[in-house]
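A quick write-up on the structure given underneath.
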Amino acid sequence: MIFLEVLTIPKDDAIAFTFFTGYMAMLAASIFFFFERSRVDGKWKLSLLVSGLITFIAAVHYYYMRDYYLATGENPTALRYIDWTLTVPLMCVEFYLLTKAAGAKIGLLWKLIFASVWMLVAGYIGEAFNPEGGSTSHSVLWGVLSTIGYIYILYTAWFGEVAKLAEASNSDVVKKGVRTLAWFVLVGWAIYPIGYMCMPGGWLNVAFGLGSQNVDLFYNIADAINKIGFGLVVYNIAITSSENLKTA
Ligand SMILES: *C/C=C(C)/C=C/C=C(C)/C=C/C1=C(C)CCCC1(C)C
């Protein structure tokens, strides 16, 4: 007899639950962004396409991460970082597209992409090469190196080039929108290091006994907030300024 093993969610597994809802939410958001493209003014279509690509790339990775997690009970670290290495630079593209009308140069985009790749490569080394049983010094060293990239992006969004260009923009919608995205980077992105510190040897793991399964719990919640929320802010900017155009 052949038994086909069907993977289902155990009733008490909150992390599996967030993997499944995360997958569905990312997929639904992508369909929404792709369809809504037809309703916005031409200059916003690329921004909405990028919003949809961010959630779509995440949806595909969630599809695999869900199954990986159910089958092994482990953190899908490689899939997670492949997802982020594609989607975080696309979020940098969103900042660039929003500030382009105010004079943003392509160099700004490259600096943001470099900082995000730095942040993610260091984070990956921290997680994937954490010695068996967990090492605090390893996790702290790579966590701190990663944070340098994060702070650079944070600084650029709040006080640096992105903030200055948005301030100089003649559109109030863009000004307010970029400020909202900067809040996402400050508050929403800060959830990731919390998840990181739950790995074996990480500060929260050592100090409060938070198990390594919490890494995925924090990452899944943060991804939903940041990828879908970020996209909705961009959508809101696009639809509001398209409507302003129509009524003007
Ligand atoms: C859609 C995915 C996003 C927006 C991912 C963002 C990821 C981060 C901001 C990760 C940051 C990290 C640190 C600041 C230090 C510890 C290692 C990381 C990679 C978790």
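The values are calculated or read from the model by the stated rules, or taken from the named source; none is laboratory data. Here the structure is a predicted model, which is why all the values come from computation and not from measurement. Reconstructed Cβ throughout: ideal geometry from the backbone, glycine too, with neighbour counts over all protein chains shown.
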Notebook entry, point to check: Out of (1) surrounded by fewer than 17 Cβ atoms within 10 Å (Cβ to Cβ); (2) in contact with a Pro (Cβ under 8 Å, 6 or more places away or on another chain); (3) free of Cβ contacts under 8 Å to residues at least 60 places away in the same chain, the odd one out for residue 116 is which?
Noted result: (1)
Note to self: I'm trying to understand the selection: among the residues of the range 170-209, which are assigned to a loop (DSSP other than H, G, I, E, B) and at pLDDT 95 or above?
What the structure shows: 189, 190, 197, 198, 199, 200, 201, 202
Next item on the list: Taking only the range 226-248 into account, find how many residues are away from the ligand (no atom under 16 Å from the Cβ) and under 18 Å from residue 97 (Cα atoms).
Entry: 8
Check: Within the range 49-93, which residues are free of Cβ contacts under 8 Å to residues at least 60 places away in the same chain and polar (S, T, N, Q)?
Finding: 72, 77, 85
Margin query: Any residue at all in the range 94-106 that's of a type in the set (S, T, N, Q) and without any contact (Cβ under 8 Å) to a residue 24 or more places away in the chain?
Written below: no
Notebook entry, point to check: Residue check, residue 85 against (1) more than 13 Å from the chain's Cα centre (by Cα); (2) over 15 Å from residue 224 (Cβ atoms), all met but one. Which one?
Noted result: (1)
Next item on the list: Answer yes or no as to whether residue 95 is away from the ligand (no atom under 14 Å from the Cβ), within 25 Å of residue 146 (Cα to Cα) and of a type in the set (Phe, Trp, Tyr).
Entry: no
Next item on the list: Could you grab the pairs with beta carbons closer than 9 Å, sequence gap of 6+ or different chains, first residue in the range 219-247 and of a type in the set (Lys, Arg), second one surrounded by fewer than 18 Cβ atoms within 10 Å (Cβ to Cβ)?
Entry: 246/41
Checklist line | Residue check, residue 130 out of contact with any Cys (no Cβ under 7 Å at 6 or more places or on another chain), within 16 Å of the ligand (Cβ to nearest atom) and at negative phi | finding: yes
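Within the range 133-146, track down each residue that is exposed (fewer than 14 other Cβ atoms within 10 Å of the Cβ) and either in contact (Cβ under 8 Å) with a residue 60 or more places away in the chain or away from the ligand (no atom under 11 Å from the Cβ) (or both).
Once the filter is applied, which keeps residues that are exposed (fewer than 14 other Cβ atoms within 10 Å of the Cβ) and either in contact (Cβ under 8 Å) with a residue 60 or more places away in the chain or away from the ligand (no atom under 11 Å from the Cβ) (or both), the range 133-146 yields 133, 137.
Against the definition (more than 14 Å from the ligand (Cβ to nearest atom) and under 17 Å from residue 193 (Cβ atoms)), how does residue 107 come out, yes or no?
no
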